[in-house]
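Student: Next up is a structure, given as structure tokens.
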Amino acid sequence: MVTAVPTTDAGAQPGSAPPTKRSLELVMLAFAAIVVTTALVLVELNQPQGVTRSVLYDGAAYLALFGAAHVAVRRFAPYADPLILPCVALLNGLGLVMIHRLDLADAASAASVGDRVPAGNLPHQIAWTTFGLALFVGVLALVRDHRMLARYGYTCGLVGLAALALPGLLPSAVSEVNGAKIWLRLGGLTIQPGEFAKILIMIFVAAFLVTKRDLFTTAGRKVLGMELPRARDLAPLLAAWGISLGVLVLEKDLGTSLMFFGIVLVLIYVATERAAWMVIGLIFFLGGATVSDMIFKHVQQRVTAWIDPFSDYDGAGYQMAQSLFGLGTGGVFGTGLGAGRPDLVPEAHTDFITAAIGEELGFVGLAAVLLTYLLVVMRGMRTALTVRDTFGKLLAAGLAFAIGLEVFIVVGGVTKLIPLTGLTAPFLAYGGSSLLANYILVALLLRISHAARSPAASSPPRKPVAPLAEARTEMVQRP
């Protein structure tokens, strides 16, 4: 009898566990800390006050924070992907660099006119990074098996939809900022519930698709070579479409609406592998976009500023025009850290931080940042391919796609590829809600990658069976 012998990784002895590559992760985190500290020094070298000791303290604190995160990954998810956390750390660090650079510009501008120098946003962002990494460690410690989340899928969906809709139902005095009703003001704290709702909704959609997969794979009529789903099976996609339009109406938030519908559509496609769902979803999207442009004034203003920002240069088009000027000034290699004028773009530390990077680091620097995002997305998709359970595959694909879609929406708006939506670049832009939610997202992705890369539990050895020639013979009497 021929038995199959399980293969092992190259360099690993039979029966031994594959390498965790945590040391590689630590080396890359140290490299990210060197890059971030060097960037902070370059920013201050181009400023009148010169280099201060706080730069070294910030660099050491940065390394300590992510060192603690590395220890947590080594303890709770030792087989997790070794590239995701260093890439996220580098993006977060570059965001801190640009926020510090904009703080210096604001301080110089205030001093030039005799105003009080503002405190700056960097201390707040460092505090949010600390809280985000604490949440990251907490999720890794509490969620020991990602499959347990599927048990609470419907609860997550209900809570996520409630969090998504709550700001739109509350008075504008406690929920509206810059025309969008997506915030909750709790005393001196401002929270954006939609950032957390997207994770809860992804868990719900992944769990729902696992249990109702037959609903989406049942074929209907065949049109133009595609097997379209039955009309009664379109209800979940129609519900997602209706909720997206509801968010657009109640909260005037184009970005969250697009994110929600895009994530649901892609998860359905991943679950069914049928292009018909993508075609139907794109038709729904185009129909909703056309109706929104015809009915909603705030959508019309965004589209007008997108088509020709210079037609209303002193009004709605000013932010986009300044962003294009900054990107043009940066050119291929940029003006250099601390040597540009990214502060001329309104909200450069939030919505337009990628424009600030494009001005001072140029096309090359911005492309490097986008490649770092791409690496995170690719490793997340690789996790979705290699994890063994269907729920993990769908959830990992949704988490990775959410990062990629958000980056596309943000950079597309800044570069005038698509209308502005108000979303912020993950890990780069200033903001507590986005940072906290995205660190939860990364923790879940690492948890799934740990399950995908960990060695399969070996089955107990089978008792050897004697050859037929040596088998004992027993006499059996007929009854």
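Throughout, read-outs are computed from the coordinates displayed, never taken from laboratory work. Fair warning: this is a prediction, and the values are worked out from it, not measured in the lab. Cβ atoms come from the backbone with ideal geometry, glycine included; neighbour counts cover every protein chain shown.
Student: Taking the Cα atoms only, what angle lies between the long axis of helix 54-76 and the longest principal axis of the chain, rounded to 10 degrees?
Tutor: With rounding to tens, the tilt is 20 degrees.
Student: By how many nm would the segment from Asp389 to Ile295 grow when fully extended, if each residue of separation counts as 0.36 nm and the alpha-carbon distance is taken off? Spell out each step's value before the answer.
Tutor: Numbers: separation 94, 0.36 × 94 = 33.84 nm, distance 4.37 nm.
My answer for the length gained is 29.5 nm.
Student: Starting from the 7 Å offset along Cα-to-Cβ, what nm value, one decimal, do you get for the label separation of Thr190 and Ile34?
Tutor: 3.9 nm
Student: Here's a follow-up. What does the highest-first list of 254-260, 409-415, 370-376 look like by mean Cβ count within 10 Å? Walk me through the numbers on the way to the answer.
Tutor: Values: 254-260: 25.0, 409-415: 21.6, 370-376: 17.4.
Packing order, densest peptide first, comes out as 254-260, 409-415, 370-376.
Student: Give, rounded to the nearest 20 debye, the magnitude of the charge dipole that the stretch 22-453 has about its Cα centre when Lys and Arg contribute +1 at Cβ and Asp and Glu contribute -1 at Cβ. Present the calculation step by step, with values, prior to reporting the outcome.
Tutor: Values: 30 positive and 27 negative charges, 358 e Å.
So the magnitude is around 1720 debye.
Student: Something else now. What is the local net charge at Leu366, summed over the other residues whose Cβ is closer than 12 Å to its Cβ (Lys, Arg +1; Asp, Glu -1)? Walk me through the numbers on the way to the answer.
Tutor: Details: positive: none; negative: Glu359, Glu360.
Around Leu366, the charge tally is -2.
Student: State the label only: which of (1) 23.6, 72; (2) 26.0, 111; (3) 29.4, 98 corresponds to Rg and Dmax of the Cα atoms in Å computed from the shown model?
Tutor: Correct label is (2).
Student: Pull out the extension gain between Ala119 and Tyr152, defined as 0.36 nm times the separation in residues minus the alpha carbon to alpha carbon distance; nm, one decimal.
Tutor: Working: separation 33, 0.36 × 33 = 11.88 nm, distance 4.26 nm.
Difference between extended and current length: 7.6 nm.
Student: Can you figure out the FRET efficiency of Ala111 with Ala339, using R₀ = 30 Å and their beta-carbon distance, to the nearest 0.05?
Tutor: Numbers: r = 19 Å, r/R0 = 0.62.
The value I calculate is 0.95.
Student: Please give the helix 390-414 orientation as an angle from the longest Cα principal axis of the chain, in degrees from 0 to 90, rounded to the nearest 10.
Tutor: Roughly 20 degrees, rounded to the nearest 10.
Student: How tilted is helix 318-330 with respect to the longest principal axis of the chain? Cα atoms for both, answer in degrees (0 to 90, nearest 10).
Tutor: Approximately 80 degrees, to the nearest 10.
Student: Normalised by the number of residues in the chain, what is the relative contact order in percent for Cα pairs under 8 Å and 6+ residues apart?
Tutor: Numbers: 669 pairs, mean separation 96.2, N = 479.
So the answer I get is 20 percent.
Student: Let me ask something else about it. Enumerate the residues in the stretch 383-421 having an amide nitrogen under 20 Å from the point lying 7 Å beyond the Cα of Ile307 toward its Cβ.
Tutor: Counting backbone N atoms under 20 Å from the label point, the list is 413-421.
Student: For Val249 and Ala141 in one chain, what is 0.36 nm times their gap in residues minus the Cα-Cα distance, to one decimal in nm? Walk me through the numbers on the way to the answer.
Tutor: On the way: separation 108, 0.36 × 108 = 38.88 nm, distance 3.89 nm.
The Val249-Ala141 span can extend by a further 35.0 nm.
Student: Return the FRET efficiency for the residue pair Phe363, Arg213: r is the Cβ-Cβ distance, R0 is 41 Å, and the value is rounded to the nearest 0.05.
Tutor: Values: r = 43 Å, r/R0 = 1.06.
Working from the Cβ atoms, E equals 0.40.
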